[in-house]
Amino acid sequence: MRLSPLALVPLAAALALAGCHKPEPARPAQAQAARSVTVVRLEPRAMTGSLTASGDLLPREEAAVMPEVTGYRVQRVLADVGDYVRAGQTLVQLDPTLLQAQLAQAQAQAAQAEDQARRVAGLDNQGVLPQEQIAQRRFQAEVARANLRDLQARMRKMSVVAPVSGLVLERTVRPGDLSAGGATPWFRLAREGQVELAAQVSQDDLARIRPGQRAMVTMPNGATAPGTVRIVSPQIDPQTKLGVVRVTLPVRGDIRSGGFARAVFDDVGRATPALPESAIRYDANGASVMVVGADNRVRRVPVQTGARGAGLVEILRGPPQGAQVVQNAAAFLLDGDLVRPTLAGAAQPAAPARAAAVPNAGARQ
């Protein structure tokens, strides 16, 4: 059946419209499978407060007080445990009765010897007295003076005084005791009342601490005190493999010698390769991270972790510095997965603005 020319016009128009509409190309399957992930770079970061150590509270400098003369009875004890004493303050008064009698006798003997020596002054080689007698009188005067000076010094030592200013930590002397040479001091003083923490630090961590570094020290009752590292031990205990760090503390009544405390060292000055804790994955094979390669595919890389602090984990061994690591280790990713990485903290790309609606030309105004 032949179609009329007028019937062919609508058919040709329909075919022309169909030819102008091109189908939308299919998107690649890989691009559709790529997941958006946030990544962080492995780079040096400050590990603030990442080092903790504990130890005993000890006097910064301890002074021992012992009598310098022996054989004298203790008359009075003028200080007790907990007292703060000043340098030169009398702590113990010894009974000077016996020494006073000896001193009076020595003064008389010295005066007599001095008088005998004066009488022979200027008689050398005059023939009035043998030269030997003249020298003997002078020698006796020197001996008498020396004996007098010794007894006078002993009299001053009847007062046992504090060698330094400080807090009395221990007292062992009582009234009536006899002063005698021995190894047990009568008093132990903490110089200036200063107590510090002797923190035990591992061999590896000792290199991270320096004199002048700050620390926050916590006592067993929860009280805290700021401290400053004074000395870092130059040696390691061969048995425990620990070194001692001495932390100076403020003079306070609640910081007592012999107690126990813990210090958190302020390690702001130390930067080390680190990642957020959320980036570390732990499984039966150990710790690992998911690294994004140049082709935007992820791969699992084992890591060795170190110190922790401020939400960061030190990476001792693993991917090279600058590597991009998936921030959320909980994300279910497998080796070879394709991702669309976005650097943490980077500005997110703005969503394309929608085109303004064009009014229908045929609508009535």
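The values are calculated or read from the model by the stated rules, or taken from the named source; none is laboratory data. Owing to the predicted nature of the structure, the values given are computational and were not obtained by experimental measurement. For neighbour counting, all protein chains shown are included, and Cβ atoms are generated from backbone atoms with ideal geometry for every residue, glycine included.
When Arg208 is tested against the conditions (1) among the charged types (D, E, K, R); (2) crowded, with 16+ Cβ neighbours inside 10 Å; (3) modelled with pLDDT of 90 or more; (4) not in a strand (DSSP E or B), the lone failure is (3).
Answer yes or no: is there a residue in region 3-19 that is aliphatic (A, V, I, L, M), modelled with pLDDT under 90 and under 52 Å from the mean Cα position of the chain (by Cα). No, region 3-19 contains no residue that is aliphatic (A, V, I, L, M), modelled with pLDDT under 90 and under 52 Å from the mean Cα position of the chain (by Cα). For the structure I just gave you, tell me whether Pro226 is under 12 Å from the mean Cα position of the chain (by Cα), under 19 Å from Leu58 (Cβ atoms), of a type outside the set (Val, Ile, Thr) and surrounded by fewer than 17 Cβ atoms within 10 Å (Cβ to Cβ). Answer is yes for this residue.
Of the set (1) free of Cβ contacts under 8 Å to residues at least 24 places away in the same chain; (2) buried (at least 20 other Cβ atoms within 10 Å of the Cβ), all apply to Ala162 but (1). Just one of the numbered conditions (1) more than 30 Å from Leu169 (Cβ to Cβ); (2) at pLDDT 90 or above; (3) aliphatic (A, V, I, L, M) is not true of Val247; which one? If we test Val247 against (1) more than 30 Å from Leu169 (Cβ to Cβ); (2) at pLDDT 90 or above; (3) aliphatic (A, V, I, L, M), just (1) comes out false.
Residues of region 149-203 that are closer than 12 Å to Val65 by Cα and of a type in the set (Val, Ile, Thr): Val160, Val161, Val164, Val168, Thr172, Val173, Thr184. The listed residues are Ala274, Ala294, Ala279, Ala223, and the only one of them that is in contact (Cβ under 8 Å) with a residue 12 or more places away in the chain, of a type in the set (Gly, Ala, Ser), under 30 Å from Asn328 (Cβ atoms) and out of contact with any Lys or Arg (no Cβ under 6 Å at 6 or more places or on another chain) turns out to be Ala279. Taken as a whole, the condition of being of a type in the set (Asp, Glu) and buried (at least 16 other Cβ atoms within 10 Å of the Cβ) does not apply to Asp254.
Note on region 87-115: residues that are among the polar types (S, T, N, Q) and under 49 Å from the mean Cα position of the chain (by Cα) total 3. Within region 272-291, the set of residues being surrounded by fewer than 20 Cβ atoms within 10 Å (Cβ to Cβ) and assigned to a helix (DSSP H, G or I) comprises Glu277, Ser278. Residues in region 147-203 that are more than 30 Å from Arg230 (Cα to Cα) and charged (D, E, K, R): Arg149, Asp150, Arg154, Arg156, Lys157, Arg174, Asp177. Residues in region 167-201 that are surrounded by fewer than 19 Cβ atoms within 10 Å (Cβ to Cβ), in a strand (DSSP E or B) and among the aliphatic types (A, V, I, L, M): Leu178, Ala198. Restricting the first member to region 234-253 and to residues that are within 20 Å of Arg214 (Cα to Cα), and the second to residues that are assigned to a loop (DSSP other than H, G, I, E, B) and of a type in the set (Lys, Arg), the beta-carbon pairs closer than 7 Å and six or more apart or on different chains are Thr248/Arg60. In this structure, is Arg41 basic (Lys, Arg), in the same structural domain as Leu178 (by TED's automatic domain parsing) and modelled with pLDDT under 95? It is false that Arg41 is basic (Lys, Arg), in the same structural domain as Leu178 (by TED's automatic domain parsing) and modelled with pLDDT under 95.
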